Amino acid sequence: MDATADPHPAVPLRAAGGAVRVALYFFLIVFALLLLIWVRPHTGDGLIHQLGKNCGLVAFVILALQAVLAARPKWVERPFGLDMVFRFHKAAGATALGLLLLHVTLVAWGSHHWQLLTALAIRWPVWLGRVALLALAVNVTASLWRRKLRIEFERWRRWHNLLGVLIITFGFVHSFVLGGDLQAPAMRVYCVAALGAVAAVYLWHKILRPRRLRRRPYTVSAVRREAPRVWTIELAPSSGERVFLYAPGQFHYVTFRRGRGLPVEEHHWTISSTPTRPGLASTIKEVGDFTSTIGQTRVGDRAEVDGAYGRFSYLFYPDEDDLLFVAGGIGITPFLAMLRHMHDTGADKKVLLLWSNRSEQDLVARQELDQIAASGRPQLKVVHFLTRPGEDWHGERGRMGAEVLARYLAPPAAGTRGAYVCCPPPMARDVIRSLGKLGLPARRIHEEGFAL
Ligand SMILES: Cc1cc2nc3c(=O)[nH]c(=O)nc-3n(C[C@H](O)[C@H](O)[C@H](O)COP(=O)(O)OP(=O)(O)OC[C@H]3O[C@@H](n4cnc5c(N)ncnc54)[C@H](O)[C@@H]3O)c2cc1C
């Protein structure tokens, strides 16, 4: 393919503004508290009661901001990467739950009204608050332990969204009707504005953006089997449209619309193609319900594509020039994108790729990697590790342990060393721990997990 056929302008790479976004997040919380202190009507509540109410207000603002984070706006995710945003979203949900438990306890304690916690015959807005709290507890528990609880992803997502809407709505009505503090007009304006912002973001995330993506569908232009259970799907934008800007190693959300009774679900995959070439591609392994149908995708099928997300790209860390890539199985995809990009742009990088697979059959794009290594652009060395090698295998065998990494990292780095890790979680943990022990600073270790 002609490397210069469709050169895309560079994706914005600078992560400027991360601190501003964090500051804005906390400002919105602190502002609500300051406003409350400023306008608080004289309610005669004691300190404990007031503290309880403050906890409720902070929890409400956090929950409103949860909707913004979940909508994955690019201006929020760009400096951090979506994985970090979603980790923060999880932690914030748990924090809101803790604050609401404090809220009910302190309000009941401060008002000497313990029936608030236990009585069945109680005003309906209290019941709304209870239901919201219960729903939040369910949502947080299911999100933190979804895999352990064996909750299927699509079902979890449906319920998570539904309960999210219920929590915010019930919480809002509860506070509006019961909250003495919220009688002050300024507080009412703040809370209504927060709810309005949530509704607007929700509308954009669930209705407007999907509609915009549907209006500019991509078309499947090639379907290739790469290994027994691995497929590459190539996508071309609608005529007259350009592919969105992306850095090699980033990922996108794709919703295939294939008809023929095949499922319609939004999934995220790394963009295994490079922005130096036309179109988009993803290399997808059959691992579950949806991906087991990926081989049934046909040329001409439609797809809605939303991207690009993530910060797992060597372009984001231009000062690193001696790179270690550690891949496990299908975790090779971001490295394929980066190596293709380095090759096309003649990047002056030294790369050691350590790639663990079960057997030789599982290797994807092996010849292409050999060709890139032979070209010298970049200076690439590929080392394969097989856990179930055939008898005629002469390469590395077994798992990639600490001593293996030490052996390969022994030569001093030719410049600033950076390590990129994309493999199953237990392997990633071991590798990252070993790299730390070998003296690589945490800020030089970049990880992509294949679960958000
Ligand atoms: C940043 C990133 C990049 C990825 N890149 C690749 C890639 O290049 N190639 C590749 O083969 N895989 C990649 N994955 C993994 C891929 O997203 C999952 O394998 C796929 O979604 C599983 O779908 P399933 O229904 O077939 O599997 P299931 O067995 O049903 O699900 C397995 C797990 O995948 C996740 N998952 C399932 N459905 C969804 C969904 N609709 N949306 C989001 N997550 C879901 C859940 O964590 C679930 O526990 C990537 C994941 C992430 C987070």
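Tally up the residues in region 98-146 that are without any contact (Cβ under 8 Å) to a residue 40 or more places away in the chain and within 18 Å of Arg87 (Cα to Cα), please.
6
Tally time: how many residues in region 290-306 are touching a residue at least 60 places away in the same chain (Cβ under 8 Å) and within 11 Å of the ligand (Cβ to nearest atom)?
Final tally of qualifying residues: 1.
Being crowded, with 17+ Cβ neighbours inside 10 Å and outside any loop (DSSP other than H, G, I, E, B) is the filter here; which residues of region 237-261 pass it?
Phe251, His252, Tyr253, Val254, Thr255, Phe256 - these are the residues of region 237-261 that are crowded, with 17+ Cβ neighbours inside 10 Å and outside any loop (DSSP other than H, G, I, E, B).
May I ask you to list the residues in region 288-322 that are farther than 30 Å from Arg150 by Cβ and of a type in the set (S, T, N, Q)?
Ser313
Among the numbered criteria (1) assigned to a helix (DSSP H, G or I); (2) surrounded by 14 or more Cβ atoms within 10 Å (Cβ to Cβ); (3) not aliphatic (A, V, I, L, M), which one does Arg146 miss?
Going through the list (1) assigned to a helix (DSSP H, G or I); (2) surrounded by 14 or more Cβ atoms within 10 Å (Cβ to Cβ); (3) not aliphatic (A, V, I, L, M), Arg146 breaks only (1).
What residue, among those in region 438-452 that are modelled with pLDDT under 95 and within 18 Å of the chain's Cα centre (by Cα), is farthest from the ligand (Cβ to nearest atom)?
Step by step, filter region 438-452, then rank; the result is Gly449.
Within region 418-430, identify whether any single residue is loosely packed, with under 13 Cβ neighbours inside 10 Å, within 15 Å of the ligand (Cβ to nearest atom) and assigned to a helix (DSSP H, G or I), and answer yes or no.
Yes, there is a match, as at least one residue in region 418-430 is loosely packed, with under 13 Cβ neighbours inside 10 Å, within 15 Å of the ligand (Cβ to nearest atom) and assigned to a helix (DSSP H, G or I).
Does region 117-140 include one or more residues that are in contact with a Phe, Trp or Tyr (Cβ under 7 Å, 6 or more places away or on another chain) and within 16 Å of the ligand (Cβ to nearest atom)?
No, there is no match, as no residue in region 117-140 is in contact with a Phe, Trp or Tyr (Cβ under 7 Å, 6 or more places away or on another chain) and within 16 Å of the ligand (Cβ to nearest atom).
Among the hydroxyl-bearing types (Ser, Thr, Tyr), farther than 30 Å from Lys206 by Cα and out of contact with any His (no Cβ under 6 Å at 6 or more places or on another chain), is that true of Thr345?
yes
Which residue out of Leu117, Leu102, Leu136 is surrounded by 20 or more Cβ atoms within 10 Å (Cβ to Cβ) and either touching a helix residue (DSSP H, G or I) at 6+ places or on another chain (Cβ under 6 Å) or of a type in the set (Phe, Trp, Tyr) (or both)?
Being surrounded by 20 or more Cβ atoms within 10 Å (Cβ to Cβ) and either touching a helix residue (DSSP H, G or I) at 6+ places or on another chain (Cβ under 6 Å) or of a type in the set (Phe, Trp, Tyr) (or both) holds for just one of Leu117, Leu102, Leu136, which is Leu136.
Can you spot a residue in region 270-286 that is within 12 Å of the ligand (Cβ to nearest atom), surrounded by fewer than 18 Cβ atoms within 10 Å (Cβ to Cβ) and modelled with pLDDT of 95 or more?
Yes: one or more hits.
Within region 355-378, which residues are surrounded by fewer than 18 Cβ atoms within 10 Å (Cβ to Cβ) and either farther than 24 Å from Glu286 by Cα or not assigned by TED's automatic domain parsing to the domain that holds Glu320 (or both)?
Result: Asp370, Gln371, Ala374, Ser375, Gly376, Arg377.
Given the criterion away from the ligand (no atom under 16 Å from the Cβ), closer than 30 Å to Gly295 by Cβ and without any contact (Cβ under 8 Å) to a residue 24 or more places away in the chain, identify the matching residue among Arg242, Arg212, Arg260, Arg216.
Every option except Arg212 fails the conditions.
If only one of Leu336, Leu352, Leu324 is within 13 Å of the ligand (Cβ to nearest atom), crowded, with 18+ Cβ neighbours inside 10 Å and among the hydrophobic types (A, V, I, L, M, F, W, C), which one is it?
The unique qualifying residue is Leu336.
Taking region 32-50 on its own, how many of its residues are within 26 Å of Val68 (Cα to Cα) and touching a residue at least 12 places away in the same chain (Cβ under 8 Å)?
4
The values are calculated or read from the model by the stated rules, or taken from the named source; none is laboratory data. As the structure is a prediction and not an experimental result, all values here were calculated from the model. Every residue, glycine among them, receives a Cβ derived from its backbone with ideal geometry; neighbour counts consider all protein chains shown.
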